[in-house]
Amino acid sequence: MKAPIIVGLCALLALGIAATPAPCETDLSWGLAAAPEATLPLGSSADYYSMGGGARLAGAMGLADFKLITPFLDLGYLFLPVLAAEESGAHLSVIRAGAGGILSVPFGKRFAAEVLLSGGYYGGLLHAAESSQGGSFYGTGSAGVSMFLSPRLSLGASAGYGYFHEIYQGLSLALGTTVRLAGKGGGPIPQ
């Protein structure tokens, strides 16, 4: 019961941050990132789950004094089909909420290499004949490249690893976009 409340509060906080205009155009930049993900289970998770998918939404805040590092709030969803029950359609739904940072190093005028680290809390719900639920901590890391398509929009591709305590670990591939909402941009937020 605590997980939906925590996820809801994090969602409201992320939407509030994304919708709030920057107090000073020169000091802060605000961006919103969205990316669908494909997941491939690793280790013991490969014995229980097949390839799945999901999406993430992040509200990023670019700081003028730390141009290479951008903090963000992160929301995500994973859908993981259960191998043992393919005919019944059993699956695991994982909702996560957390925070992290992006190290973004520009190269050329339109590209940036990025490393992302995040962590927080997840809630999982197993949809099967006998459903169960639970939650714990998670951590993710990824590396990728972004291309700035316009002064307000970028497209990025990344590969990463996610660890969800006691239920899942695996690789992820994502292709997403970042939109600058306010400020002059910088880091992963388009300038």
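Working carefully through the options 96, 180, find the one that is under 18 Å from residue 39 (Cβ atoms), in a strand (DSSP E or B) and among the basic types (Lys, Arg). Result of the check over 96, 180: 96.
Closer than 25 Å to residue 40 by Cβ and touching a Cys at 6+ places or on another chain (Cβ under 8 Å): does that describe residue 156?
no
Restricting attention to region 55-73, the residues that are within 14 Å of the chain's Cα centre (by Cα) and open to solvent by 20 Å² or more (accessible area, probe 1.4 Å) total 5.
Quick check on region 131-154. Is at least one of its residues modelled with pLDDT under 95, touching a helix residue (DSSP H, G or I) at 6+ places or on another chain (Cβ under 8 Å) and farther than 18 Å from residue 60 by Cα? Within region 131-154 (the criterion being modelled with pLDDT under 95, touching a helix residue (DSSP H, G or I) at 6+ places or on another chain (Cβ under 8 Å) and farther than 18 Å from residue 60 by Cα), the answer is yes, since at least one residue qualifies.
Total residues in region 121-130 satisfying the condition of being in a loop (DSSP other than H, G, I, E, B), within 14 Å of residue 81 (Cα to Cα) and not aliphatic (A, V, I, L, M): the figure is 0. If the condition is being among the aromatic types (Phe, Trp, Tyr) and surrounded by 20 or more Cβ atoms within 10 Å (Cβ to Cβ), then region 80-130 contributes only 122.
Residues of region 60-97 that are of a type in the set (Lys, Arg) and either at pLDDT 90 or above or under 15 Å from residue 167 (Cβ atoms) (or both): 96 alone. Within region 42-49, one or more residues are assigned to a helix (DSSP H, G or I), among the polar types (S, T, N, Q) and either more than 20 Å from residue 161 (Cα to Cα) or open to solvent by less than 20 Å² (accessible area, probe 1.4 Å) (or both).
A count restricted to region 131-160 and to residues that are loosely packed, with under 14 Cβ neighbours inside 10 Å, part of a strand (DSSP E or B) and hydroxyl-bearing (Ser, Thr, Tyr) stands at 3.
The values are calculated or read from the model by the stated rules, or taken from the named source; none is laboratory data. Remember, predicted model here, so these are calculated numbers, not experimental data. All Cβ positions, glycine included, derive from the backbone under ideal geometry; neighbour counts span all protein chains shown. Each accessible area value is taken on the protein alone, full model and side chains, heavy atoms only, with ligands, DNA and RNA left out. Shrake-Rupley method; radii C 1.70, N 1.55, O 1.52, S 1.80 Å.
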